[in-house]
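Let me begin by presenting the structure, written as structure tokens, before commenting on it.
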Amino acid sequence: MELDFVRRLVKPAESKIVLLVMDGLGGLPREAGGLTELEAANTPNLDALAVQSICGLHQPVGFGVTPGSGPSHLALFGYDPIRFQIGRGVLEALGVGFDLTSQDVAARGNFCTVDEQGRITDRRAGRISTEKNRELCALLRQIRLPDVELFVEPVKEYRFLLVLRGEGLSDEVIDTDPQEVGHPPLEPTASSPEAAKTARVVSQFVAEARRVLAGHAPANMVLLRGFSKRPTWPTMAEVFGLRAAAIAAYPMYRGVARLVGMEVLDTGERLEDEFDTLERRWRDFDFFYLHVKRTDSAGEDGDYDRKVALIEEVDAQLPRLLALRPGVVIVTGDHSTPSVLRSHSWHPVPALLWSPHCRPDGVNRFGERACAAGSLGPMIPAVELMPIALANAMRLEKFGA
Ligand code: ZN
């Protein structure tokens with residue numbers, strides 16, 4: 001549904017909604033005919049909740065699309081991730097917790113290797129260590145350019161964040177990364193007349209970077225892509241009438257939550273800390289987004305057993321959430337990260353939505369196969385979960401007479 005349409009139906013209520021996201025929750029069997037991580041996990045609390053819930057599998061972004069965590073979270077927050085896109089540079093900034101202002105243009109940087117003719121021989125500079133990355137970023141920080149302030153932040157291995165801050169900067173500059181070796185980096189070029197100044201500034205930065213990094217092979221040049229500005233989007237308060245809070249330990253998730261106007265709460269890294277925060281701040285908000293990162297990391301590491309154990313840990317904390325007497329609870333993942341694939345995947349993601357007013361659908365456990373038979377369906381777009389949650393929270397008016 002369109003946000004503007006939902007906005008017109010929203011009415012105030014006292015009920016609270018909790019969105020519990022286990023990152024990369026969806027999985028696959030380890031061997032043919034086996035169970036997924038979630039199916040193998042012993043989850044008595046989630047299973048009992050499933051009995052009283054509506055269940056299904058959601059499609060984070062679109063059929064067959066393997067999503068990043070940014071877009072799939074936006075969908076869970078009720079924002080169409082195709083319409084509300086986050087530029088790569090901004091995403092990188094969110095990932096390192098860099099607070100972008102409206103004047104900033106962010107880009108993702110790669111250290112790369114060029115030969116004596118300036119042609120790229122390795123787009124990732126032999127995957128230098130993060131430590132080496134930090135040293136090189138310190139060198140790039142010494143670059144001074146007229147009119148703009150410059151920020152360079154190491155990310156990981158060969159990746160860094162570049163932020164330009166100044167008057168009249170635009171993000172309409174094409175990538176300097178030609179995406180293949182054997183060519184020199186592309187000249188920073190404006191794709192609109194307003195971006196002429198920015199393209200000039202980027203050119204100066206690249207020239208200086210080449211000078212500063214000479215002799216630091218394999219990381220003797222930079223590639224820049226995903227020039228982008230912090231988007232200004234309607235907040236969850238404006239659209240859904242919700243005072244929303246995020247309980248997430250990792251910077252990127254905190255950053256995405258901030259883009260939709262959530263207040264990001266202080267919390268520790270452990271699961272217990274996040275539930276402590278939920279209890280402590282329960283009175284202050286209408287909507288809580290609670291994020292569990294490590295299920296995804298276990299999937300990316302190909303560690304089936306660890307992912308199972310982490311799901312069980314979340315299950316053990318669930319009674320603490322239910323004891324707060326929420327109006328609506330959604331438990332799901334942002335996408336699938338099957339440990340057999342060691343990466344995000346396109347597979348739909350198990351979801352349950354509980355409220356005292358939902359119509360239980362006969363699903364009696366929380367798992368991929370069981371959820372596929374649920375009333376939310378086996379392929380519901382993730383973005384539709386939010387309106388259903390609002391309805392169950394008695395926060396939507398009747399449409400039409
Ligand atoms: Zn994720």
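Scanning the stretch 183-205 for residues that are in a loop (DSSP other than H, G, I, E, B) and free of Cβ contacts under 8 Å to residues at least 40 places away in the same chain yields L186, E187, P188, T189, S191, S192.
Sort out for me the helices (runs of 4 or more DSSP H) sitting completely within the stretch 244-358 that have 3 or more residues that are within 16 Å of the ligand (Cβ to nearest atom). Break it down into steps so the answer makes sense when it comes.
Working: elements: 251-259, 271-280, 294-300, 304-322.
Passing ranges, in order: 251-259, 294-300, 304-322.
When the stretch 76-90 is filtered for residues that are outside any loop (DSSP other than H, G, I, E, B) and more than 12 Å from the ligand (Cβ to nearest atom), the ones remaining, listed by number, are R88, G89, V90.
State whether one or more residues within the stretch 229-237 are crowded, with 17+ Cβ neighbours inside 10 Å and of a type in the set (G, A, S). If you could, list the steps in order and put the result at the bottom.
In the first step, residues of the stretch 229-237 are kept if they are crowded, with 17+ Cβ neighbours inside 10 Å; the result is 229-230, 233, 236.
So of that shortlist, the ones also of a type in the set (G, A, S) come out as none.
Checked against the condition, which is being crowded, with 17+ Cβ neighbours inside 10 Å and of a type in the set (G, A, S), the stretch 229-237 yields no hits at all.
Take the residues in the stretch 49-75 that are part of a helix (DSSP H, G or I) and of a type in the set (S, T, N, Q), then tell me which one is farthest from P381 (Cα to Cα). Looking at residues that are part of a helix (DSSP H, G or I) and of a type in the set (S, T, N, Q), I get S69.
Just to be sure, is E31 under 20 Å from E300 (Cα atoms), surrounded by fewer than 23 Cβ atoms within 10 Å (Cβ to Cβ) and acidic (D, E)?
Working: under 20 Å from E300 (Cα atoms): yes; surrounded by fewer than 23 Cβ atoms within 10 Å (Cβ to Cβ): yes; acidic (D, E): yes.
Spelling it out, E31 is indeed under 20 Å from E300 (Cα atoms), surrounded by fewer than 23 Cβ atoms within 10 Å (Cβ to Cβ) and acidic (D, E).
Condition check: in the same structural domain as R30 (by TED's automatic domain parsing) and more than 16 Å from the ligand (Cβ to nearest atom). Does N42 satisfy that? Spelling it out, N42 is indeed in the same structural domain as R30 (by TED's automatic domain parsing) and more than 16 Å from the ligand (Cβ to nearest atom).
The residue pairs whose first member lies in the stretch 129-140 and is over 15 Å from A209 (Cβ atoms), whose second member is of a type outside the set (D, E), and whose beta carbons are closer than 6 Å, counting only pairs six or more residues apart or on different chains, are T130/K156; R134/P154. Among all residues of the stretch 23-45, there is none that is part of a strand (DSSP E or B) and more than 22 Å from G367 (Cβ to Cβ).
Screening S343 with (1) farther than 23 Å from L3 by Cβ; (2) more than 20 Å from the chain's Cα centre (by Cα); (3) surrounded by fewer than 17 Cβ atoms within 10 Å (Cβ to Cβ) gives one miss only, at (2).
The values are calculated or read from the model by the stated rules, or taken from the named source; none is laboratory data. Treat the numbers as computed from the prediction; the structure is a model and nothing was measured. Cβ coordinates were reconstructed from backbone atoms using ideal geometry, including for glycine residues, and neighbour counts include every protein chain displayed.
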